[in-house]
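The values are calculated or read from the model by the stated rules, or taken from the named source; none is laboratory data. Remember, it's a predicted structure, so these values are computed and weren't measured experimentally. Cβ: placed from backbone, ideal geometry, glycine included. Neighbour counts: every protein chain shown.
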């Protein structure tokens with residue numbers, strides 16, 4: 001029932017997350033469409049105002065000429081922010097500039113613009129200027145002095161370099177609402193992240209409690225059973241049997257102590273209360289000592305350990321106790337997760353670092369497990385099978401110790417294949 005409830009709860013959260021993301025994407029898509037539509041409308045309105053202004057300027061100039069012919073639709077937009085006006089007449093730049101500024105201002109166009117007067121026969125610019133709507137003028141071509149206006153047939157062009165940015169700045173309401181929407185979406189996304197994180201922490205906590213219950217229940221039951229046997233029977237004439245039960249109680253008590261110490265050690269490590277001793281250590285020596293005990297564990301499962309000491313410089317600076325624990329944890333994990341362990345150990349030097357790799361012949365890890373394997377309390381899901389004992393603290397402890405030594409740990413594994421854990425420590429010079 002608990003398992004089904006847990007599954008239903010997970011499915012409900014997943015459904016809420018999916019609907020939430022669909023809502024976010026829908027809201028963002030709607031906002032983008034609306035902003036784009038608003039910008040398009042503003043751009044179209046800008047172009048219309050420019051057309052009206054330039055047409056009026058053309059009419060005003062032609063009205064000043066007694067023999068000027070009417071020009072139908074003189075304004076042509078050649079790009080998003082460039083317009084050309086056909087005049088077929090002589091243009092005076094100061095007059096043109098004054099009329100442009102006047103009409104643009106009348107039609108609420110406050111955007112700076114550049115204009116140029118061109119010769120119809122050569123398409124070359126004969127005069128140009130840059131006009132700011134605060135009435136400051138900057139000549140960009142050459143002064144009118146010396147220019148011969150002996151030909152009829154000029155046209156002029158107008159260019160708005162800041163058109164897009166001015167339109168965007170005019171859309172303050174849309175920008176404000178978009179910023180508010182961004183914060184709402186960010187808050188919602190962060191809330192979902194917190195919910196997922198809390199759910200994962202809850203699952204990890206539940207798994208840890210289940211693992212701890214399973215790990216502690218067996219030795220407690222064994223101790224209780226052995227104690228009852230000792231209390232219910234007389235062993236004066238059977239010293240060997242008495243010694244056997246006493247040995248069982250001692251071993252199970254030691255097992256309990258190690259489990260409790262492991263949890264307390266991690267808690268102390270997280271608080272930063274453990275002081276690391278930094279002394280010169282021969283990693284080959286630590287490894288050889290560890291193999292004396294660990295070789296027996298491998299042989300009990302019908303396996304073996306092999307070591308290749310290729311590192312020329314095995315000396316590092318670190319804490320003897322904790323680095324020894326790192327070695328034990330890595331090899332012990334390799335043995336536990338292999339049915340018939342064939343464990344290959346190899347050391348080597350590279351870039352002034354000492355490397356130790358531990359390769360097993362176990363089931364391997366998926367990509368997700370390879371990423372999460374160093375998290376506290378995380379254990380690779382095994383369903384309802386509890387053949388591998390532990391709290392999910394070993395690799396977390398290894399990672400924290402490596403970080404405190406400014407070292408690193410990596411894993412190379414594929415599901416269904418072997419796994420190789422590698423630690424790297426700076427050599428002591």
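Quick notes on this structure:
- Matching residues in region 342-368 - criterion: being at pLDDT 90 or above and buried (at least 18 other Cβ atoms within 10 Å of the Cβ): 343, 345, 347, 354, 355, 356, 357, 358, 359, 360
- Among the candidates 16, 57, 32, residue that is more than 41 Å from the chain's Cα centre (by Cα) and either closer than 30 Å to residue 86 by Cα or modelled with pLDDT under 90 (or both): 57
- Within region 98-122, tally of residues that are buried (at least 18 other Cβ atoms within 10 Å of the Cβ) and in a strand (DSSP E or B): 5
- Residue match in region 137-158 (condition: touching a helix residue (DSSP H, G or I) at 6+ places or on another chain (Cβ under 8 Å), modelled with pLDDT of 80 or more, in the same structural domain as residue 100 (by TED's automatic domain parsing) and assigned to a loop (DSSP other than H, G, I, E, B)): no
- Qualifying residues in region 406-429 (those that are over 26 Å from the mean Cα position of the chain (by Cα) and not in a strand (DSSP E or B)) - the one nearest to residue 341 (Cα to Cα): 418
- Test: residue in region 198-206 that is over 32 Å from the mean Cα position of the chain (by Cα) and either modelled with pLDDT under 75 or surrounded by 13 or more Cβ atoms within 10 Å (Cβ to Cβ) (or both): no
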